[in-house]
Amino acid sequence: DAKTTQPPSMDCAEGRAANLPCNHSTISGNEYVYWYRQIHSQGPQYIIHGLKNNETNEMASLIITEDRKSSTLILPHATLRDTAVYYCIVRVAGTGGFKTIFGAGTRLFVKA
Amino acid sequence: DGGITQSPKYLFRKEGQNVTLSCEQNLNHDAMYWYRQDPGQGLRLIYYSQIVNDFQKGDIAEGYSVSREKKESFPLTVTSAQKNPTAFYLCASRVGTDHNEQFFGPGTRLTVL
């Protein structure tokens, strides 16, 4: 699996967009970018994933650079409930033996 | 409601005792996983199972054992051989083989005294 690099922590004002970066410079052509988040003492929650096109769902948007070496998760209007650890993961889809490795992630603090 | 349940949420055991953590899902998912999380750290994979009666070791399987006799259930036993068992344990399941979207249970916080 390609390794990912994320900043350890970020702050965001409530109501503003939170932009969480992720570097995955060794990503291969068939690897997807996945984002999860974990609110304190709960199980992680799937947010979004993408291959090379930008993706949007009801929770967030995912912007992947053209060379696919980095991506940004965007929470358009952050709320206090978005305070959590956000994990960026790169994995191949459609193969057996899925093992998703969650690193330390980015701790996002949304402040009033 | 479909989902993954783990019980109990908090568990205390004396050192040297084996303990089994429960994980049940009614999502009809084939693959199930066990992770361990230590304070301030990410998740580390203990064991995973892609189908009934089959399971594979993850990165930190030593001191743990699992079984997968039913599709819905994937219990994890923390044995006395696990040197540092106190941690937050998370169970997850995955949709089919084409997606990496994993659904997680609420977790069990195990404290060994």
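Restricting attention to the stretch A:9-22, does a residue exist that is modelled with pLDDT under 95 and assigned to a loop (DSSP other than H, G, I, E, B)?
no
Determine whether the stretch A:100-107 contains at least one residue that is surrounded by fewer than 19 Cβ atoms within 10 Å (Cβ to Cβ), in contact with a strand residue (DSSP E or B) (Cβ under 7 Å, 6 or more places away or on another chain), touching a residue at least 24 places away in the same chain (Cβ under 8 Å) and basic (Lys, Arg).
Yes, the stretch A:100-107 has at least one match.
Among the residues of the stretch B:95-102, is any in contact (Cβ under 8 Å) with a residue 60 or more places away in the chain and within 8 Å of chain A (Cβ to nearest Cβ)?
Within the stretch B:95-102, one or more residues are in contact (Cβ under 8 Å) with a residue 60 or more places away in the chain and within 8 Å of chain A (Cβ to nearest Cβ).
Scanning for something at pLDDT 95 or above, part of a loop (DSSP other than H, G, I, E, B), loosely packed, with under 15 Cβ neighbours inside 10 Å and not basic (Lys, Arg), does the stretch A:24-45 turn up at least one residue?
no
Of the residues B:LEU21, B:LEU27, only one is of a type outside the set (Ser, Thr, Tyr) and within 29 Å of A:ARG107 (Cα to Cα); which? Step through it out loud before you land on a result.
Numbers: B:LEU27 fails: within 29 Å of A:ARG107 (Cα to Cα).
Being of a type outside the set (Ser, Thr, Tyr) and within 29 Å of A:ARG107 (Cα to Cα) holds for just one of B:LEU21, B:LEU27, which is B:LEU21.
Looking only at residues in the stretch A:46-57 that are within 14 Å of another protein chain (Cβ to nearest Cβ) and part of a loop (DSSP other than H, G, I, E, B), which one is surrounded by the most Cβ atoms within 10 Å (Cβ to Cβ)?
Of the stretch A:46-57, the ones within 14 Å of another protein chain (Cβ to nearest Cβ) are A:46-51, A:55, A:57.
Keeping just the survivors that are part of a loop (DSSP other than H, G, I, E, B) gives A:51, A:57.
Details: A:LEU51: 13, A:ASN57: 10.
Filtering first and then ranking leaves A:LEU51.
Quick grid of which residues meet (1) more than 13 Å from chain B (Cβ to nearest Cβ); (2) at positive phi; (3) assigned to a loop (DSSP other than H, G, I, E, B); (4) of a type in the set (Phe, Trp, Tyr):
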position	(1), (2), (3), (4)
A:MET59	no, no, yes, no
A:ILE63	yes, no, no, no
A:HIS77	yes, no, yes, no
A:ARG81	yes, no, no, no
A:ALA104	no, no, yes, no
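Being β-branched (Val, Ile, Thr) and crowded, with 19+ Cβ neighbours inside 10 Å is the filter; apply it to the stretch B:31-78 and report the residue that is farthest from the chain's Cα centre (by Cα).
B:VAL78
The values are calculated or read from the model by the stated rules, or taken from the named source; none is laboratory data. Note that the structure is a prediction, hence the values are computed from the model and not measured. Every residue, glycine as well, gets a Cβ built from its backbone with ideal geometry; the counts of neighbours run over all protein chains shown.
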